[in-house]
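Read through the structure below, which is laid out as structure tokens, and then see the notes.
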Amino acid sequence: MAIPQRTATTGTFFVTTITANRRRLFQVTRNAELLLETLQHYRSEGHYKLHAFVVMPDHVHLLLTPNDKTISAVMNLIKGGFSHRLNFKGPVWQRGFADHLVGDAEDFKTRRTYIHQNPVAAHLSETAELYPYSSAHPPSP
């Protein structure tokens, strides 16, 4: 059965994507940093606005607004770009992704808070700001 393509190009999306077999791929610092580089690369190319993100050991949450592509095309860039950079033999991601079209400012705030608090809820960090693979983490000076 074919995976339905999301065709919306306008709006902000809360997206979750999971590694193949829930492999804890991003527990390895180099892999997590490589995904962050991939996210920033496609953001800097202007394909989307990245409002919030968190890279967990076996999944990723994003809050983004596509600029010139559908949400499916943006996720293909991110997942495919990372997989290519990783150069791993075998599947990296589960097929597809879960997305939610953000409805209003309150929904946006709720989703951003969820993203930032995810490592705290998973007991990976005491505070959102201390988790290094999140938009809540302040950049280095």
### Task
Return the long-range amide H neighbours of HIS59 (sequence gap of 5 or more, or a different chain), with a cut-off of under 5 Å between placed amide H atoms.
THR19
### Task
For a label point 7 Å from the Cα of ASP68 along Cα→C-beta, name the residues of segment 16-39 whose backbone N is under 20 Å from it.
38-39
## Note on the structure
Computed about the Cα centre, the charge dipole of segment 13-130 from +1 Lys/Arg and -1 Asp/Glu charges at the Cβ has a magnitude in debye, to the nearest 20, of 500 debye
### Message
Between PHE108 and SER44, how high is the FRET efficiency from 1/(1 + (r/R0)^6) when r is the Cβ-Cβ distance and R₀ = 22 Å? Nearest 0.05.
### Response
0.50
### Query
Where does the charge balance sit around ARG43 when Lys and Arg score +1, Asp and Glu -1, over other residues with C-beta under 13 Å from its C-beta?
-1
### Message
Using the Karplus curve 6.51 cos²θ - 1.76 cosθ + 1.60 with θ = phi - 60°, what ³J(HN,Hα) values do you get for each residue of segment 79-88, in whole Hz, with x for Gly and Pro?
### Response
5, x, x, 5, 4, 5, 5, 5, 6, 9
### Message
With only alpha-carbon atoms in the gyration tensor, what are the semi-axes of the equivalent ellipsoid for the chain, in Å, largest first?
### Response
21, 20, 15
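Please work out how many pairs of lysine residues in the chain are eight or more positions apart (or on different chains) and have Cα atoms closer than 23 angstrom.
Values: LYS49/LYS69; LYS49/LYS79; LYS49/LYS109; LYS69/LYS79; LYS79/LYS89.
Here the count comes out as 5.
With a cut-off of at most 11 other beta carbons within 10 Å, and DSSP calling the residue loop, which trypsin sites (Lys or Arg not before Pro) in segment 63-141 qualify? Please list them.
Within segment 63-141, the qualifying trypsin sites (Lys or Arg not before Pro) (loop, at most 11 other Cβ atoms within 10 Å) are LYS89, ARG95.
Here, each number is a calculation from the coordinates, and none is a lab measurement. Model, not experiment: these values are computed from the prediction. Cβ coordinates were reconstructed from backbone atoms using ideal geometry, including for glycine residues, and neighbour counts include every protein chain displayed.
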